[in-house]
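All remarks here apply to the structure that follows.
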Amino acid sequence: MRLVTRLIAIGLLLGAIVTVFAGIVWQRGSGTPTPVATAGAHGGSAVTLQTVHHARTGTKGAVVKVNKPAANTPPATHKSHKPAKPIPLPGKTPVMVLNSNGIHGVAHQLAAKVQSAGYPITYVGNAQKRGLPTIVQYAKGYGPAARKLARLVGNVQFVTPFDGITPSQAKGAKLVVILGT
């Protein structure tokens, strides 16, 4: 059964190759310009069935074209490039440190580490909820600064915009570290 399936597949493949070859030879003989093969929209191969008219005989036939993807084809869409805003200096980025893990004193230890890196600390205290993961939240426009602070803090699971923290609750901080489990 396997042998029969393989023979059928080989026969179909040979038939397709002969059809393509015959179509190319026939199309070149008709005086019709040969279309250029292009890569598929997503880098895959494309198969096109085209009906051609033979100029000398007046007969019609079908040509099957298999387009192979071009190697290292750049994407078709081009986005305009905006220069990145510089990351604010640590001295210009106030930070709030909140403890969500319930271990006494760890928020103050982390605040001292962050302050020694040059960040001003606006507030150190307990988070409203316990058991949260370690998170760095940021005010609008401070995403890159938050990612930089997350690398300093280490073991940060999420870096997100302010979620549930109002500007008045942030006490002037542009970044909030929630020290979790």
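The values are calculated or read from the model by the stated rules, or taken from the named source; none is laboratory data. None of these values were measured; they are calculated from a predicted model. Reconstructed Cβ throughout: ideal geometry from the backbone, glycine too, with neighbour counts over all protein chains shown. Heavy atoms of the whole protein, side chains included, go into the accessibility calculation; ligands, DNA and RNA do not. Shrake-Rupley method; radii C 1.70, N 1.55, O 1.52, S 1.80 Å.
Residue-by-condition table, conditions (1) open to solvent by 40 Å² or more (accessible area, probe 1.4 Å); (2) touching a residue at least 12 places away in the same chain (Cβ under 8 Å); (3) touching a strand residue (DSSP E or B) at 6+ places or on another chain (Cβ under 7 Å):
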residue	(1), (2), (3)
LEU89	yes, yes, no
ILE103	yes, no, no
ALA107	no, yes, yes
TYR119	no, yes, yes
GLN137	no, yes, yes
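Among what's in the range 164-181 and is in contact with a strand residue (DSSP E or B) (Cβ under 9 Å, 6 or more places away or on another chain) and among the β-branched types (Val, Ile, Thr), pick the residue that is surrounded by the most Cβ atoms within 10 Å (Cβ to Cβ).
Ranking the candidates gives VAL177 first.
Name the pairs whose Cβ atoms lie under 9 Å apart, with the first residue in the range 1-20 and on the phi < 0 side of the Ramachandran plot, the second among the basic types (Lys, Arg) and at pLDDT below 85, and 6 or more positions between them or separate chains?
These pairs meet every condition: VAL20/LYS65.
For the range 139-168, which residues satisfy the criterion of being free of Cβ contacts under 8 Å to residues at least 12 places away in the same chain and of a type in the set (Val, Ile, Thr)?
Filtering the range 139-168 for residues free of Cβ contacts under 8 Å to residues at least 12 places away in the same chain gives 151, 154, 164, 166, 168.
Within the range 139-168, just THR166 meets the criteria.
Out of everything in the range 122-135 that is out of contact with any Ser or Thr (no Cβ under 7 Å at 6 or more places or on another chain) and over 11 Å from VAL95 (Cβ atoms), what residue ends up being surrounded by the most Cβ atoms within 10 Å (Cβ to Cβ)? Lay out the reasoning, then the answer.
Initially, the range 122-135 is screened for residues out of contact with any Ser or Thr (no Cβ under 7 Å at 6 or more places or on another chain), giving 122-126, 128, 134.
Next cut, over 11 Å from VAL95 (Cβ atoms) only: 125-126, 128, 134.
Values: GLY125: 13, ASN126: 14, GLN128: 12, THR134: 19.
Going through the qualifying residues, I end up with THR134.
List every residue pair whose Cβ atoms lie under 6 Å apart, where the two residues are 6 or more positions apart in sequence or sit on different chains, the first residue falls within the range 169-181 and is without any contact (Cβ under 8 Å) to a residue 12 or more places away in the chain and of a type in the set (S, T, N, Q), and the second residue, located anywhere, is open to solvent by 50 Å² or more (accessible area, probe 1.4 Å) and part of a strand (DSSP E or B).
Note: no pairs meet the criteria.
Residues in the range 127-154 that are of a type in the set (S, T, N, Q) and modelled with pLDDT under 95: how many?
The total comes to 1.
Just checking, how many residues over the range 145-163 are open to solvent by 50 Å² or more (accessible area, probe 1.4 Å) and either of a type in the set (D, E, K, R) or not in a loop (DSSP other than H, G, I, E, B) (or both)? Walk me through it before giving the result.
Initially, the range 145-163 is screened for residues open to solvent by 50 Å² or more (accessible area, probe 1.4 Å), giving 147-148, 151-152, 155, 157-159, 161-163.
Then drop every residue that is not either of a type in the set (D, E, K, R) or not in a loop (DSSP other than H, G, I, E, B) (or both), which leaves 147-148, 151-152, 158-159, 161, 163.
Of the residues in the range 145-163, 8 are open to solvent by 50 Å² or more (accessible area, probe 1.4 Å) and either of a type in the set (D, E, K, R) or not in a loop (DSSP other than H, G, I, E, B) (or both).
One residue is enough: does the range 170-181 have a residue meeting the conditions farther than 28 Å from LYS85 by Cβ and in contact with a Leu (Cβ under 6 Å, 6 or more places away or on another chain)? Working first, answer last.
Restricting attention to the range 170-181, the residues satisfying the condition of being farther than 28 Å from LYS85 by Cβ are 180-181.
Remaining after also requiring in contact with a Leu (Cβ under 6 Å, 6 or more places away or on another chain): 180.
Yes: the range 170-181 contains one or more residues that are farther than 28 Å from LYS85 by Cβ and in contact with a Leu (Cβ under 6 Å, 6 or more places away or on another chain).
Are any residues in the range 121-135 in contact (Cβ under 8 Å) with a residue 40 or more places away in the chain and either farther than 17 Å from HIS104 by Cα or not aromatic (Phe, Trp, Tyr) (or both), and if so, which ones? Explain how you work it out, then say what you get.
Keep residues of the range 121-135 that are in contact (Cβ under 8 Å) with a residue 40 or more places away in the chain, which gives 122-123, 127, 131-135.
THR122, ALA127, GLY131, LEU132, PRO133, THR134, ILE135, listed by residue number.
Within the range 100-131, which residues are part of a loop (DSSP other than H, G, I, E, B) and of a type in the set (S, T, N, Q)?
Of all residues in the range 100-131, those part of a loop (DSSP other than H, G, I, E, B) come to 100-105, 117-120, 127-131.
Of everything in the range 100-131, those that are part of a loop (DSSP other than H, G, I, E, B) and of a type in the set (S, T, N, Q) turn out to be SER100, ASN101, GLN128.
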